[in-house]
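The values are calculated or read from the model by the stated rules, or taken from the named source; none is laboratory data. As the structure is a prediction and not an experimental result, all values here were calculated from the model. Cβ placement follows ideal geometry from the backbone for every residue including glycine, while neighbour counts extend to all protein chains displayed.
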Amino acid sequence: MVSLDVFRGLTIAGMILVNNPGTWAHIYAPLRHADWHGWTFTDLIFPFFLFIVGVSMAISFAHRAARGEARRRLLLHTLRRSASIFALGLFLHGFPFFNLATLRIPGVLQRIALCYFFAAAAVILLRRSTQVALTLLLLFGYWALMALVPVPGYGPGNLDPDGNLAAWCDRALMQGHLWKPTWDPEGALSTLPAIATTLLGVFAGVWLRGAANPVNKVFRLALAGAAGMALGIIWGAWFPINKNLWTSSYVLFTGGMAAVVLAVCYWVVDMRGWRGWAKPFVVYGMNAITVFVASGLLAKMLGLLKTTLADGREVSWKTWIFETLFSPLASPINASLFFALAYVSFWLALMWVFYWRRIFLKI
């Protein structure tokens, strides 16, 4: 499925774009996360990637099972890979000083690792009907916990940044190791519904591997995606769509949208064969984790290394590049966007060299 590599590449390119503006003071609204409830384009990127992890898992594990690979071997492979991804996330957070006293423990790669492991364990050990029941349990169970369990000092059902149950759990488990002083968007409790996002991708992957004709696959996947989006919006009236809390309505809405996007990619790329436009995203998709980690490390270095300008100001290399090369080109908000697009293009060029030399780094 070339379409899956295209979808993965689009998602990774989106991650790099929104993570690397020229200046955080000037960003177009769709390239920011929603302040709290609600969603923007940026809030779609992470759940899309977890959904893709699920689709890839369904296809990969089916191939391994067809070769007669034992479940124990699959589980060990999954555990090793998850541990490696989790360790990479900790390394990325700690680099270059590795201050263990304040090291952020949760994170994007850490959540990917946990969702991959638990969703994979469900795929390997449970029947499909039980996987569906588990997904429903994660969604409704998380909603019940967030709505009914009282938080000390706040009571039940509080969904404010500090007063919700997920934030309280993060403070109890990892105080001093969070993104914010009192909560983390990739915290422990909110990882439960994120596993459900991954399982939705598994179900999509199983459907795409099935014996139905391609037109039927696309139509039903898109229809299921539209239904998921509608249910997410409806549920959002009681349990708001919120990326930071990874609410159950957010899972349904973003999982549904991911299914629609995958259906479109499948129809355009795999069925119609229109692939010329998609080659840059295939290149990104073939080394997704590699480019995510490497781009994050370089961004850190550009922010840490300092230089002195002619006016005597000491600024980071990133600021020097932005003010020297991009600020003169356009208004601040457009210059900031141009920097982000240039950063995406730089990594595309580098990954194209990897692709041309058949270098695909797997974890």
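Somewhere in the range 243-260, is a residue out of contact with any helix residue (DSSP H, G or I) (no Cβ under 7 Å at 6 or more places or on another chain) and surrounded by fewer than 16 Cβ atoms within 10 Å (Cβ to Cβ)?
no
Only residues that are farther than 18 Å from Gly141 by Cβ and either assigned to a loop (DSSP other than H, G, I, E, B) or not aromatic (Phe, Trp, Tyr) (or both): list them for the range 241-253, please. Give the steps one after another, and end with the answer.
Our first condition is that a residue be farther than 18 Å from Gly141 by Cβ; within the range 241-253, this holds for 241, 243-244, 253.
Of everything in the range 241-253, those that are farther than 18 Å from Gly141 by Cβ and either assigned to a loop (DSSP other than H, G, I, E, B) or not aromatic (Phe, Trp, Tyr) (or both) turn out to be Ile241, Lys243, Asn244.
Pick out the one residue from Leu103, Leu139 that is surrounded by fewer than 21 Cβ atoms within 10 Å (Cβ to Cβ) and not polar (S, T, N, Q).
Leu103
Report yes if some residue within the range 196-207 is in contact (Cβ under 8 Å) with a residue 60 or more places away in the chain and in contact with a Pro (Cβ under 7 Å, 6 or more places away or on another chain); otherwise report no.
yes
Quick one: count up the residues across the range 159-187 that are assigned to a loop (DSSP other than H, G, I, E, B), closer than 21 Å to Pro240 by Cα and hydrophobic (A, V, I, L, M, F, W, C).
2
Which one is surrounded by the most Cβ atoms within 10 Å (Cβ to Cβ) among residues in the range 332-358 that are free of Cβ contacts under 8 Å to residues at least 60 places away in the same chain and either over 30 Å from Ala113 (Cβ atoms) or under 26 Å from the mean Cα position of the chain (by Cα) (or both)?
Out of the qualifying residues, it is Leu350.
Determine which single condition Leu361 fails, assuming it passes every other condition in (1) closer than 22 Å to Val53 by Cβ; (2) in a helix (DSSP H, G or I).
Answer for Leu361: the failing condition is (2).
Identify all residues within the range 288-319 that are touching a Lys or Arg at 6+ places or on another chain (Cβ under 6 Å) and under 19 Å from Ile45 (Cβ atoms); write none if there are none.
Ala288
Just wondering, is there one or more residues in the range 128-149 that are under 29 Å from Trp183 (Cα atoms), at pLDDT 95 or above and part of a loop (DSSP other than H, G, I, E, B)?
Checked against the condition, which is being under 29 Å from Trp183 (Cα atoms), at pLDDT 95 or above and part of a loop (DSSP other than H, G, I, E, B), the range 128-149 yields at least one hit.
Of the residues that make up the range 127-136, is at least one buried (at least 17 other Cβ atoms within 10 Å of the Cβ), among the β-branched types (Val, Ile, Thr), touching a residue at least 12 places away in the same chain (Cβ under 8 Å) and closer than 19 Å to Phe51 by Cα?
yes
Suppose we filter the range 299-332 for residues that are among the aliphatic types (A, V, I, L, M) and not in a helix (DSSP H, G or I); how many remain?
Counting residues in the range 299-332 that are among the aliphatic types (A, V, I, L, M) and not in a helix (DSSP H, G or I) gives 5.
Under 7 Å between Cβ atoms, which residue pairs at least 6 apart in sequence (or on different chains) link something in the range 271-296 that is under 30 Å from Asn213 (Cβ atoms) with a partner that is buried (at least 20 other Cβ atoms within 10 Å of the Cβ) and of a type in the set (S, T, N, Q)?
none
Got at least one residue in the range 144-161 being under 22 Å from the mean Cα position of the chain (by Cα), surrounded by fewer than 19 Cβ atoms within 10 Å (Cβ to Cβ) and over 30 Å from Leu4 (Cα atoms)? Let's see the steps before the verdict.
First, pick out the residues of the range 144-161 that are under 22 Å from the mean Cα position of the chain (by Cα): 161.
Keeping just the survivors that are surrounded by fewer than 19 Cβ atoms within 10 Å (Cβ to Cβ) gives 161.
Retained after the next criterion (residues that are over 30 Å from Leu4 (Cα atoms)): 161.
Yes, the range 144-161 contains a residue that is under 22 Å from the mean Cα position of the chain (by Cα), surrounded by fewer than 19 Cβ atoms within 10 Å (Cβ to Cβ) and over 30 Å from Leu4 (Cα atoms).
For the range 241-270, which residues satisfy the criterion of being closer than 18 Å to Ala204 by Cα and without any contact (Cβ under 8 Å) to a residue 40 or more places away in the chain?
Those that are closer than 18 Å to Ala204 by Cα and without any contact (Cβ under 8 Å) to a residue 40 or more places away in the chain: Gly256, Val260.
Is there any pair linking a residue in the range 301-329 that is touching a residue at least 12 places away in the same chain (Cβ under 8 Å) to one that is among the acidic types (Asp, Glu) and not in a helix (DSSP H, G or I), with Cβ under 8 Å and at least six apart or on different chains, and which?
Thr307/Glu314
For the range 153-187, name all the residues that are closer than 19 Å to Phe140 by Cβ and in contact (Cβ under 8 Å) with a residue 12 or more places away in the chain.
Leu159, Asn164, Leu165, Ala166, Cys169
Just checking, does the range 226-236 include any residue being small (Gly, Ala, Ser), modelled with pLDDT of 95 or more and buried (at least 22 other Cβ atoms within 10 Å of the Cβ)?
Scanning the range 226-236 turns up at least one residue that is small (Gly, Ala, Ser), modelled with pLDDT of 95 or more and buried (at least 22 other Cβ atoms within 10 Å of the Cβ).
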